[in-house]
Amino acid sequence: MISDRQLSILNAIVEDYVDLGQPIGSKTLIERHKLNVSPATIRNEMKQLEDLELIEKTHTSSGRFPSELGIRYYVNRLLKETSHQQQTKMQRLKDLLIENHYDISSTLSDFANELSIASQYTTLVMRPDHKKDIINNIHLIRANAYLVIMVVVFSSGHVEHLHLASKVPLPNEELTKISNFVTAKYNEWNNHHFENELNAFVKSEIEKDFIKEMMNMIDVHFDDQSNGIFMGGKVKLIDALNESNVSSIQPILQYLESNKITQLLDEMSNSSINVRIGHEIESSLSDISIVTSEYHIDDRLKGQIAVIGPTAMNYQNVIRLLNTIW
């Protein structure tokens, strides 16, 4: 436990280091924060914080900068304070859905870019798991003798178009019959009921195979999409690095473009705001932080947002922004 004055000094060092991008000395702290204490007192308190490994001293100046441990201490206090604050929730995602005619990919791409502009950092928006959405309708439209377009309409308003080949030409009335059957049964089926009801519905093995292929295509398609990630402002991550840590950009980009980031977002997935700092993410990543939160398309369908920046991130602004998102 540190004293109130030491906490104030630690907070000031973190925030000044974020603003100025350079080690902070006692004179800077007094001038910027109008502290009514002597430089010697500040230096003594800074020495105590250094002994606790909350701040570090450079070899080239008398200034200090926050360690990962110090940033974690600062962030924990910030999360605790903001958890009690009431925030006006932003409905921008719903507006974007309407503007993009309920096209999820376009909506989430625009959402990622808007969040990047608002936060001034790189953002990731993870596609929601559509298995948790409810299929309202499945329509089958014959494009030609052997090609069928399957239109899947979800209760969230999301629509998907899938292409399905049939081994034999299926007349329009047969496609309507199949689409009505699958629509009525899809959300309540399990494997046992599926086989029984399918056998009762149709005798033709060709049509059975066609319906099974429909079901498989829906499952595979949404399995593939569940890991979809939309990125906004990738260049901001490069801009945020300085000459002392620019060499770390390659492992950072490799990490973001691997499936590790998806696994991390799954681990951090809950309704509260979570922060991972430097080595908490991975041993090779010492220069970035990731702040995550949930977004909701409706009460059932939700995904993850991640804001990615340097460890010297403006956590106050980012946490305040994510607190406004529903």
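Does any residue in the range 162-174 that is among the charged types (D, E, K, R) come within less than 6 Å, Cβ to Cβ, of a residue that is surrounded by fewer than 16 Cβ atoms within 10 Å (Cβ to Cβ) and at pLDDT below 90 six or more places away or on a different chain, and which pairs are these?
Qualifying pairs under 6 Å: 167/206.
To keep it simple, each residue is scored yes or no on (1) more than 30 Å from residue 135 (Cβ to Cβ); (2) modelled with pLDDT of 90 or more; (3) basic (Lys, Arg); (4) assigned by TED's automatic domain parsing to the domain that holds residue 269.
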residue: 283; (1), (2), (3), (4): yes, no, no, yes
residue: 292; (1), (2), (3), (4): no, yes, no, yes
residue: 298; (1), (2), (3), (4): no, no, no, yes
residue: 301; (1), (2), (3), (4): no, no, no, yes
residue: 305; (1), (2), (3), (4): no, yes, no, yes
residue: 310; (1), (2), (3), (4): yes, no, no, yes
residue: 314; (1), (2), (3), (4): yes, yes, no, yes
residue: 317; (1), (2), (3), (4): yes, yes, no, yes
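Regarding the range 237-256, can at least one residue be identified that is farther than 30 Å from residue 21 by Cα, modelled with pLDDT under 80 and assigned by TED's automatic domain parsing to the domain that holds residue 286?
Of all residues in the range 237-256, those farther than 30 Å from residue 21 by Cα come to none.
For the range 237-256, residues farther than 30 Å from residue 21 by Cα, modelled with pLDDT under 80 and assigned by TED's automatic domain parsing to the domain that holds residue 286: absent.
Please go through (1) in a loop (DSSP other than H, G, I, E, B); (2) under 24 Å from residue 273 (Cβ atoms); (3) modelled with pLDDT of 90 or more for residue 53 and return the number of the only condition it doesn't satisfy.
(2)
Give the range 86-128 a look and list any residue that's in contact with a Ser or Thr (Cβ under 6 Å, 6 or more places away or on another chain), in contact (Cβ under 8 Å) with a residue 60 or more places away in the chain and closer than 17 Å to residue 154 by Cβ, or say none.
Residue satisfying the conditions is 97 alone.
Could you grab me the full set of residues in the range 114-133 that are among the aliphatic types (A, V, I, L, M) and surrounded by 14 or more Cβ atoms within 10 Å (Cβ to Cβ)?
Across the range 114-133, the qualifying residues are 115, 118, 124, 125, 126.
Restricting to the range 78-107, give me the number of residues that are part of a helix (DSSP H, G or I) and either surrounded by 14 or more Cβ atoms within 10 Å (Cβ to Cβ) or assigned by TED's automatic domain parsing to the domain that holds residue 231 (or both). Break it down into steps so the answer makes sense when it comes.
From the range 78-107, those part of a helix (DSSP H, G or I) are 78-82, 92-99, 104-107; that's our starting set.
Imposing the further condition that a residue be either surrounded by 14 or more Cβ atoms within 10 Å (Cβ to Cβ) or assigned by TED's automatic domain parsing to the domain that holds residue 231 (or both) reduces the set to 78-79, 82, 92-99, 104-107.
So the answer is 15.
Restricting to the range 111-159, name every residue that is at pLDDT below 85, more than 15 Å from the chain's Cα centre (by Cα) and not hydrophobic (A, V, I, L, M, F, W, C).
Matches in the range 111-159: 130, 131, 132, 133, 155, 156, 157, 158.
Just give me the residues in the range 195-232 being of a type in the set (Gly, Ala, Ser) and either farther than 25 Å from residue 158 by Cβ or in contact with a Cys (Cβ under 9 Å, 6 or more places away or on another chain) (or both), in sequence order.
Once the filter is applied, which keeps residues that are of a type in the set (Gly, Ala, Ser) and either farther than 25 Å from residue 158 by Cβ or in contact with a Cys (Cβ under 9 Å, 6 or more places away or on another chain) (or both), the range 195-232 yields 200, 204.
For the range 134-158, which residues satisfy the criterion of being buried (at least 16 other Cβ atoms within 10 Å of the Cβ), β-branched (Val, Ile, Thr) and in contact (Cβ under 8 Å) with a residue 40 or more places away in the chain?
If the condition is that a residue be buried (at least 16 other Cβ atoms within 10 Å of the Cβ), β-branched (Val, Ile, Thr) and in contact (Cβ under 8 Å) with a residue 40 or more places away in the chain, then 135, 138, 152 are the ones that fit.
Could you list, in sequence order, all residues of the range 211-236 that are modelled with pLDDT of 75 or more, touching a helix residue (DSSP H, G or I) at 6+ places or on another chain (Cβ under 9 Å), more than 30 Å from residue 168 (Cα to Cα) and not basic (Lys, Arg)?
If the condition is that a residue be modelled with pLDDT of 75 or more, touching a helix residue (DSSP H, G or I) at 6+ places or on another chain (Cβ under 9 Å), more than 30 Å from residue 168 (Cα to Cα) and not basic (Lys, Arg), then 228, 229, 230, 231, 232, 233 are the ones that fit.
Results for (1) out of contact with any Gly (no Cβ under 8 Å at 6 or more places or on another chain); (2) in contact (Cβ under 8 Å) with a residue 40 or more places away in the chain; (3) part of a helix (DSSP H, G or I); (4) surrounded by 14 or more Cβ atoms within 10 Å (Cβ to Cβ), shown as yes or no for each residue.
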position: 22; (1), (2), (3), (4): no, yes, no, yes
position: 31; (1), (2), (3), (4): yes, no, yes, no
position: 42; (1), (2), (3), (4): yes, no, yes, yes
position: 45; (1), (2), (3), (4): yes, yes, yes, yes
position: 48; (1), (2), (3), (4): yes, yes, yes, yes
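Test residue 208 against the stated conditions and say whether it is under 28 Å from the mean Cα position of the chain (by Cα), of a type in the set (Lys, Arg), surrounded by 13 or more Cβ atoms within 10 Å (Cβ to Cβ) and at pLDDT below 90.
Values: under 28 Å from the mean Cα position of the chain (by Cα): no; of a type in the set (Lys, Arg): yes; surrounded by 13 or more Cβ atoms within 10 Å (Cβ to Cβ): yes; at pLDDT below 90: yes.
When the stated conditions are applied, residue 208 does not pass them.
Checking residue 122 against (1) in the same structural domain as residue 303 (by TED's automatic domain parsing); (2) under 19 Å from residue 298 (Cα atoms), only one condition comes out false. Which one?
Just one mismatch for residue 122, condition (2).
Select from the range 96-110 the residues that are more than 15 Å from the chain's Cα centre (by Cα), at pLDDT 90 or above and not hydrophobic (A, V, I, L, M, F, W, C) and list them in ascending order.
Result: 99, 100, 106.
Can you name every residue in the range 42-100 that is closer than 30 Å to residue 114 by Cβ and of a type in the set (A, V, I, L, M)?
Hits for the range 42-100 are 71, 75, 78, 79, 90, 93, 96, 97, 98.
The values are calculated or read from the model by the stated rules, or taken from the named source; none is laboratory data. In this text, all values refer to a predicted model and were calculated from it rather than measured experimentally. Reconstructed Cβ throughout: ideal geometry from the backbone, glycine too, with neighbour counts over all protein chains shown.
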